[in-house]
1. Given Gly130, Gly82, Gly118, which one is over 18 Å from Asp255 (Cβ atoms) and in contact with a helix residue (DSSP H, G or I) (Cβ under 6 Å, 6 or more places away or on another chain)?
2. Test Val168 against the criterion of being closer than 30 Å to Ser206 by Cα and touching a strand residue (DSSP E or B) at 6+ places or on another chain (Cβ under 6 Å), and give yes or no.
3. Give the residue, chosen from Leu44, Leu52, that is under 20 Å from the mean Cα position of the chain (by Cα) and in a loop (DSSP other than H, G, I, E, B).
4. Starting from the stretch 33-44, keep only residues that are closer than 19 Å to Thr117 by Cα and surrounded by fewer than 16 Cβ atoms within 10 Å (Cβ to Cβ), then list their pairs with residues that are modelled with pLDDT of 95 or more and polar (S, T, N, Q) whose Cβ atoms are within a distance under 6 Å, requiring at least 6 positions of separation or different chains.
5. Could you give every pair whose Cβ atoms fall below 7 Å, whose first residue belongs to the stretch 357-376 and is touching a residue at least 24 places away in the same chain (Cβ under 8 Å), and whose second residue is not in a helix (DSSP H, G or I), counting only separations of at least 6 or pairs across chains?
6. How many residues does the stretch 195-237 hold that are under 14 Å from Ala125 (Cα atoms), charged (D, E, K, R) and either outside the structural domain of Asn152 (by TED's automatic domain parsing) or touching a residue at least 40 places away in the same chain (Cβ under 8 Å) (or both)?
7. Counting only residues that are of a type outside the set (Val, Ile, Thr) and surrounded by 24 or more Cβ atoms within 10 Å (Cβ to Cβ), which one in the stretch 223-248 is farthest from Val335 (Cα to Cα)?
8. Within the stretch 94-128, can you find the residues that are closer than 24 Å to Tyr157 by Cα, part of a helix (DSSP H, G or I) and of a type in the set (Ser, Thr, Tyr)?
Amino acid sequence: MDRLIFEEEHEIFRDSVRSFFINEIQPQRERWREQGIVDREAFLRAGEQGLLLMWADEKYGGAGVQDFRYEQIVLEENARHGDNGFFLWLHSRLVGPYIGELGTEEQKQRWLPKCVTGEHVLAVAITEPGAGSDVAGLRTRAEDKGDHFLLNGSKTYISNGINADLVVVVARTDPDSRHGLSLFVVERGMGGFERGRNLKKMGMKSQDTAELFFNNVKVPKENLLGELHRGFYHLMHFLAEERLIGGVGYLANADAAFDETMEYISERQAFGRKIADFQNTRFMMADMRTELDVAQAFVDQCVMQHNAGKLTADDAAKAKLHASNVEARVTDDCVQLHGGAGYMDEYPISRRYTDARVSRIYAGTSEIMREIIARSIGLDPRKTQKKSHKNAA
């Protein structure tokens, strides 16, 4: 299917990005999976190519590119030809904008240039052992001590957790309010900031996912990001883009799985015939291609809405929910068409399948996406209950 949202300059950019991932990233994938972490050098190389924080103003070293389609291309080419565990998007489009939009001029001058070059790797620490999707239930706290905040608590499942030099930490600053949270930038080397295990995972083996501990960390006042006690609302502001980013990556992973399966069934034989010649195979491939193209059309539309500043939270939730479900079905069917080979780790489809499982969990579970969508169409139990109480009175 022709992708009508892209223009000639986008395709020229795609060619260069694809070459980068094929030549610079792809050869490292096996070693990264074995060591459980991407080399920091990879971020530096991406920085040299101008692929990090492309949106940042030129005075911070960026290109000032606001067109999200360029970010979409980087996401897609990394999923297809790079490494799903190389979380450029987390660095550039999830954490970087916290500094870019919430930071003071002093903070942006201090942090953004080295984030653009890849010298500083970024992470965000939200999830805790006892609180995942329920952001309001976080227990990590930061106490105002006059000239600094005293940070205590722990976080888990933090992507880029080992490599990160700057971590945006969500902590409770108003104990009397469920939403009384604030954001702090914790820097590598701060006393009391410790990293735990590099956690072993089902998929995305090269992604360093870690536990972080904060034991009486003295965070300078100038490292408060955004407004005090407004962290919950700051987080909500960035969620739509995070979910769109997910949708883009999920479909790219599924599309790559489809292409790899097409190649496999065209060569592999069973009962004297190519697997591709069986009607069941052809029908499965036809169904997958249809699902992928329909989902891609909606995600591309969301990208254009985002470019126009009109992407809604419910449409972003639809993009994430549907794309992650399509990814799950497609990668599962592709494993099936590979037969026993699909279960072998040496085949790319096995890795794409296990990489895909987390898509329905992080950045808001599928259940939360359904809740957001249900409320957007008028099915909000909170309003129904209030109306029932009012009628009863």
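The values are calculated or read from the model by the stated rules, or taken from the named source; none is laboratory data. Quick caveat, the model's predicted, so the values are computed rather than measured. Quick reminder, even Gly has a Cβ in these numbers, built from the backbone with ideal geometry, and neighbours come from all protein chains shown.
1. Going through Gly130, Gly82, Gly118 in turn, the sole match is Gly118.
2. Values: closer than 30 Å to Ser206 by Cα: yes; touching a strand residue (DSSP E or B) at 6+ places or on another chain (Cβ under 6 Å): yes.
Criteria met by Val168.
3. Working: Leu44 fails: in a loop (DSSP other than H, G, I, E, B).
The conditions single out Leu52.
4. Hits for this filter: Arg40/Asn163.
5. Qualifying pairs under 7 Å: Arg357/Met202; Arg357/Gly203; Val358/Gly203; Val358/Met204; Gly364/Ser133; Thr365/Ser133; Ile368/Ser133.
6. The number of residues fulfilling the criteria is 2.
7. Gly231
8. Answer for the stretch 94-128, where residues must be closer than 24 Å to Tyr157 by Cα, part of a helix (DSSP H, G or I) and of a type in the set (Ser, Thr, Tyr): just Tyr98.
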